[in-house]
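Here's the structure, in structure tokens; my notes come after.
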Amino acid sequence: MKQRLSLLLLFITSISFAQKELIEKLENYMNAEATINNFGGTVLITKKDSVLLKKNYGLADYEWQVKNTIDTKFSLASVTKQFTATAILQLEENKKLSLDDKLSHYFPDFPNGEKITLRMLLTHNSGLDMDYDELYRSKTTLDENSVYNYIKQKPFLFEPGTNTAYSNIGYYLLARIIEKLSNESYAIYLKKNIFDKAGMKNTGISSNDSIVQKLAKTYYFKDHKLIKNPYINWNFNIGHDGIYSTVEDLYLWNKALFDSNIILSETSKKKMFTSYNKENFGLGFMINPFYNHGHELIAHDGGFYGTVTSFNKFTKDDIFITVLSNNQSPSHFIAYGLAGICFGKEVEIPYQHHQIKIDTVVYDQYIGEYESIQILKKDNKLYYKDFDIELFPESKTKFFRSDDNGRTVEFIQNKKGKTIQIIITKAGVKETKNKTK
């Protein structure tokens, strides 16, 4: 009996030590993101309801030097889409619609409306153009008819159902369908049927009039300098964008959606979490996208003028990671790096990159194809994939990219001095590519 108890205590102690070590690695990574890369926002990571990291960084308001806090509210950008998809599935559960309904049923004069289903809008197979931001970024005097008439005139990218292309327009139309069928505004419907049910008291729909306590201002880079984000007419930037929330509320949403049926039935969730095309689009989510580290992942990112967000649920591992930023920090890359740490991968901590001078003769050893990546040389300069991304040397064998100094390429040589591999890093996560040509 004593031996069993000793073994149990040893087991518990080893688990506790491993978790403490993991937490320390996550904290070190994020501290470096804040000090080296000026990350501004909040982060929450949980595993089986145990909090691994919950922390705020940077400023919510640069003019007044107000710091972000855990309960700071951030615009979610395209993380909004999962809520729109949820509302559509709820309406289907209530027999108000079918995912196979034609768009023409709701908008009879919409071009190709008889060929587009609601499912195609949800999975980005409709052929609709990407966006209409040229309207809601500049015009204060808009109404539903003027926006609708403008969208109708945009040319299709392809015949509906024959290809895949990400479309905010499709999700805007879905938001209007939610309003038509519920006889409520998009904001009221989501509050009553999603936010309130999940206990999300710090979540709502952005507007140009409301005073929202603890709402972060948003800043983006222009000419390598942070400036305030431009005007956005929030009345017409809905469905695909428009929701604000906190990391803690997104955790509650994650619990309500994945661990219960208070929001959607199992049948609806199965539809939502199915991949419908080669781009891995489900309904409002991406299903096992390429950045899943080999673990089952349901996720979506968002980005629009300084707002960069990431929502990730590793379903079998019960790991939840969300990163919200208001200063254009690459939340999607950061979430990828944090997930790598959670899965025990060797992840490089962010550091300052400094270009040095080296003899460019060595570049001849580096050019060639490394599986899917081509390294090029032109005018004694080294390039990654094409002539838009230059590689700057920080050592004789390691380079950082001109478009993102956090992404590096290291050339590996054998004992004879022949280059045989490259190690590329993204958000500190390393990936090896063998030289093929």
The range 1-37: number of residues that are open to solvent by 80 Å² or more (accessible area, probe 1.4 Å), farther than 18 Å from CYS342 by Cβ and either in contact with a Gly (Cβ under 9 Å, 6 or more places away or on another chain) or at pLDDT 95 or above (or both): 1
Among the residues of the range 293-322, the number that are open to solvent by less than 30 Å² (accessible area, probe 1.4 Å) and at negative phi is 17
Filtering the range 369-403 down to residues that are open to solvent by less than 90 Å² (accessible area, probe 1.4 Å), among the aromatic types (Phe, Trp, Tyr) and either under 11 Å from GLN355 (Cα atoms) or assigned to a loop (DSSP other than H, G, I, E, B) (or both) yields PHE392, PHE399, PHE400
Can you say whether GLU114 is within 29 Å of the chain's Cα centre (by Cα) and open to solvent by 80 Å² or more (accessible area, probe 1.4 Å), as far as the supplied structure shows? no
Taking the stated definitions as given, is SER268 assigned to a helix (DSSP H, G or I) and among the hydroxyl-bearing types (Ser, Thr, Tyr)? yes
Looking at (1) touching a Lys or Arg at 6+ places or on another chain (Cβ under 9 Å); (2) open to solvent by 30 Å² or more (accessible area, probe 1.4 Å); (3) under 24 Å from PHE74 (Cβ atoms), which is the one condition that is false for TYR186? (2)
Against the definition (closer than 16 Å to LYS345 by Cα and of a type in the set (S, T, N, Q)), how does ASN56 come out, yes or no? no
Those residues of the range 202-247 which are in a loop (DSSP other than H, G, I, E, B), touching a residue at least 24 places away in the same chain (Cβ under 8 Å) and among the hydroxyl-bearing types (Ser, Thr, Tyr) amount to THR203, SER206, SER207, THR218, TYR231, THR246
Mind listing whichever residues of the range 249-279 are touching a strand residue (DSSP E or B) at 6+ places or on another chain (Cβ under 8 Å), buried (at least 19 other Cβ atoms within 10 Å of the Cβ) and of a type outside the set (Phe, Trp, Tyr)? LEU250, ASN254
Among the residues that make up the range 122-131, is at least one of them acidic (Asp, Glu) and either over 28 Å from the mean Cα position of the chain (by Cα) or part of a loop (DSSP other than H, G, I, E, B) (or both)? yes
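Yes/no matrix, rows are residues, columns are (1) in contact (Cβ under 8 Å) with a residue 60 or more places away in the chain; (2) touching a His at 6+ places or on another chain (Cβ under 9 Å); (3) buried (at least 18 other Cβ atoms within 10 Å of the Cβ); (4) not in a helix (DSSP H, G or I):
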position: THR84; (1), (2), (3), (4): yes, yes, yes, no
position: GLU134; (1), (2), (3), (4): no, no, no, no
position: SER138; (1), (2), (3), (4): yes, no, no, yes
position: TYR150; (1), (2), (3), (4): no, no, no, no
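The values are calculated or read from the model by the stated rules, or taken from the named source; none is laboratory data. Note that the coordinates shown come from a computational prediction; the quantities given were computed from them, not determined experimentally. Please note: Cβ atoms are built from the backbone with ideal geometry, for glycine as well, and neighbour counts cover all protein chains shown. Surface accessibility is based on the protein's heavy atoms, side chains included, excluding ligands, DNA and RNA. Shrake-Rupley method; radii C 1.70, N 1.55, O 1.52, S 1.80 Å.
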